[in-house]
Amino acid sequence: MAADLSTGPRTSLDVQLCGDAHLCNFGGFASPERDLLFDVNDFDETSPGPFEWDLKRLGASLEIAARGRSFPAKTGRKLVTSSMRSYREAMHEFANMSNLEVWYSHLDMSGVAQRWGSEVSGSMLARFQKTAAKAESKDQLKAREKLTEVVNGELRFRSDPPLLVRVSELFSKTDAGQLRDTIHEGIRAYRQTLIGDRRHLLESYELVDVARKVVGVGSVGTRAWVGLFKGNEADDTLILQMKEAEASVLERFCGKNAFKTHGQRVVEGQRFMQASSDIFLGWQRVAIGVDGNSHDYYFRQLWDWKLSADVDNMPPETLLIYAKMCGWTMARAHSRSGDRVAIASYLGSGDAFDRAIADFAVAYADQNALDHQALVDAIADGSVEATLGV
């Protein structure tokens, strides 16, 4: 999509882009203060670029989601225009705030109820609160329960090939030992990217096991590892994810980023855009793997509460609120790095921008359908090999 957007007109109003701002890359997570926040949650492609690129991706994803759910065309258009209106109105709010007020702005569960609670039924609000409560249970304890087991009295990762495999099962004893040592050294170096108190906290844990973990459809083929750490007590555990960071797809069209490594690009971009980030978020370049080459990684907790939108089952009225939440969140993220006054002035007070993005979303969804059909046809005639029903 970045290639497609690069061929069209663009503004000169650059912000720190998410780069992959579709509707499923928003969700809930825990702040360091243990509040459940709603925010953007995927930054693999983050890099500076025209503010409208994130909105075109968000708008297209909402239109495609509506079609996937067989909603009427007017419902899909309403989802897009409502999300863009939410962005536009929020950007005007941020344009009238001080820099500190913008920086402290966030969207927690009480804020969601305050802003949009009057637009939903009591039963819908109750379901939302139930989902939020469930997210709070998806924490380090839940991760330990799902991903680990006790072997000879010691806590270890539970192998579940191909999704989760311990390094001792991937390589020979010698290679596995070398890889573990390399990861350990990488973690030592990564700690220097944390602020002092968090570095001290991490140093209170001991690395006890390492595994390879497949993460996400878009990340299949990239290197991703998880480290299991133990504190002073048997039930005091921490699981960190080490995920490879490659060049952003935006860089070919918007210029190289200013950071020395792509791990730092991801981390700094996330800190720019999110209201609050994981306390263990950091980066390092390290030779983790059998090829002996150095690769860029970013580090974070595997789970620290997690709320993901079930867009496949949301009724239209719930998805409409969700679209507005995404629009507001995108405005807050962009206002932290871009010229919010200039963007608000560009958007204006009318709905021309909302309608323009909705028109784009329809055209892009049409092309998306044609591209998908071309793939299906290529599979049918044998020119593309695929495994079905996985």
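The values are calculated or read from the model by the stated rules, or taken from the named source; none is laboratory data. Since the model is a prediction, treat every value here as computed from it, not as a measurement. Cβ: placed from backbone, ideal geometry, glycine included. Neighbour counts: every protein chain shown. Remember, those area values only see protein heavy atoms, side chains included, never the ligands or the DNA or RNA. Shrake-Rupley method; radii C 1.70, N 1.55, O 1.52, S 1.80 Å.
The rows are residues; the columns are (1) of a type outside the set (S, T, N, Q); (2) out of contact with any strand residue (DSSP E or B) (no Cβ under 7 Å at 6 or more places or on another chain).
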position: ASP312; (1), (2): yes, yes
position: GLY327; (1), (2): yes, yes
position: ALA333; (1), (2): yes, no
position: SER349; (1), (2): no, yes
position: ASP354; (1), (2): yes, yes
position: ALA369; (1), (2): yes, yes
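Take the residues in the stretch 346-366 that are open to solvent by 60 Å² or more (accessible area, probe 1.4 Å) and in contact (Cβ under 8 Å) with a residue 60 or more places away in the chain, then tell me which one is nearest to ARG69 (Cα to Cα). Here the residue is ARG355.
Within the stretch 331-344, identify whether any single residue is open to solvent by 50 Å² or more (accessible area, probe 1.4 Å) and in contact (Cβ under 8 Å) with a residue 60 or more places away in the chain, and answer yes or no. Yes, because at least one residue in the stretch 331-344 is open to solvent by 50 Å² or more (accessible area, probe 1.4 Å) and in contact (Cβ under 8 Å) with a residue 60 or more places away in the chain.
For (1) surrounded by fewer than 14 Cβ atoms within 10 Å (Cβ to Cβ); (2) out of contact with any strand residue (DSSP E or B) (no Cβ under 8 Å at 6 or more places or on another chain); (3) closer than 19 Å to THR46 by Cα; (4) modelled with pLDDT under 90, each residue gets a yes or a no:
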position: TYR190; (1), (2), (3), (4): no, no, no, no
position: GLY218; (1), (2), (3), (4): yes, yes, yes, yes
position: THR237; (1), (2), (3), (4): no, no, no, no
position: ARG252; (1), (2), (3), (4): yes, yes, yes, no
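Residues of the stretch 267-287 include at least one that is under 19 Å from SER83 (Cβ atoms), assigned to a helix (DSSP H, G or I) and open to solvent by less than 30 Å² (accessible area, probe 1.4 Å).
Check the stretch 300-316 and report whether any residue there is part of a helix (DSSP H, G or I), touching a residue at least 12 places away in the same chain (Cβ under 8 Å) and under 23 Å from ARG127 (Cβ atoms).
Pass one, the stretch 300-316, residues part of a helix (DSSP H, G or I): 316.
When the remaining residues are screened for being touching a residue at least 12 places away in the same chain (Cβ under 8 Å), the result is 316.
Retained after the next criterion (residues that are under 23 Å from ARG127 (Cβ atoms)): 316.
Within the stretch 300-316 (the criterion being part of a helix (DSSP H, G or I), touching a residue at least 12 places away in the same chain (Cβ under 8 Å) and under 23 Å from ARG127 (Cβ atoms)), the answer is yes, since at least one residue qualifies.
The requirement of being in contact with a helix residue (DSSP H, G or I) (Cβ under 9 Å, 6 or more places away or on another chain) and more than 27 Å from VAL215 (Cα to Cα) is satisfied by ALA73.
Of the strands (runs of 3 or more DSSP E) that lie entirely inside the stretch 141-185, those containing 2 or more residues that are out of contact with any Phe, Trp or Tyr (no Cβ under 7 Å at 6 or more places or on another chain), more than 11 Å from ARG212 (Cα to Cα) and not polar (S, T, N, Q) span 148-151, 154-157.
For the stretch 77-84, the criterion of being more than 30 Å from GLY255 (Cβ to Cβ), outside any helix (DSSP H, G or I) and of a type in the set (Lys, Arg) is satisfied by no residue at all. If you go through the stretch 64-95 and pick out every residue that is within 17 Å of ASP366 (Cβ to Cβ) and open to solvent by less than 10 Å² (accessible area, probe 1.4 Å), you end up with 4.
Pairs are defined by a Cβ separation below 7 Å, a sequence spacing of at least 6 or placement on different chains, a first member in the stretch 91-103 that is within 14 Å of GLY338 (Cα to Cα) and modelled with pLDDT of 95 or more, and a second member that is open to solvent by less than 100 Å² (accessible area, probe 1.4 Å) and polar (S, T, N, Q); the pairs so defined are MET91/SER335; PHE94/SER335; VAL102/SER335.
Of these, HIS200, HIS106, which one is more than 26 Å from the chain's Cα centre (by Cα), at pLDDT 85 or above and either under 30 Å from GLU33 (Cβ atoms) or in a helix (DSSP H, G or I) (or both)? Walk me through how you get there before you give the answer.
Values: HIS106 fails: more than 26 Å from the chain's Cα centre (by Cα).
The match here is HIS200.
In the stretch 213-235, is there at least one residue being touching a residue at least 12 places away in the same chain (Cβ under 8 Å), of a type in the set (Val, Ile, Thr), closer than 20 Å to LYS146 by Cα and in contact with a Pro (Cβ under 8 Å, 6 or more places away or on another chain)? Scanning the stretch 213-235 turns up at least one residue that is touching a residue at least 12 places away in the same chain (Cβ under 8 Å), of a type in the set (Val, Ile, Thr), closer than 20 Å to LYS146 by Cα and in contact with a Pro (Cβ under 8 Å, 6 or more places away or on another chain).
Examine the stretch 188-206 for a residue that is more than 20 Å from GLY282 (Cβ to Cβ) and acidic (Asp, Glu), and state whether such a residue exists. Quick ask: steps written out before the conclusion?
Let us first name the residues in the stretch 188-206 that are more than 20 Å from GLY282 (Cβ to Cβ), namely none.
Scanning the stretch 188-206, I find no residue that is more than 20 Å from GLY282 (Cβ to Cβ) and acidic (Asp, Glu), so the answer is no.
Condition check for CYS24 on (1) at pLDDT below 95; (2) open to solvent by less than 60 Å² (accessible area, probe 1.4 Å): one failure, at (2).
Checking the stated criteria, SER47 turns out not to satisfy the condition of being modelled with pLDDT of 95 or more, surrounded by fewer than 20 Cβ atoms within 10 Å (Cβ to Cβ) and of a type in the set (Gly, Ala, Ser).
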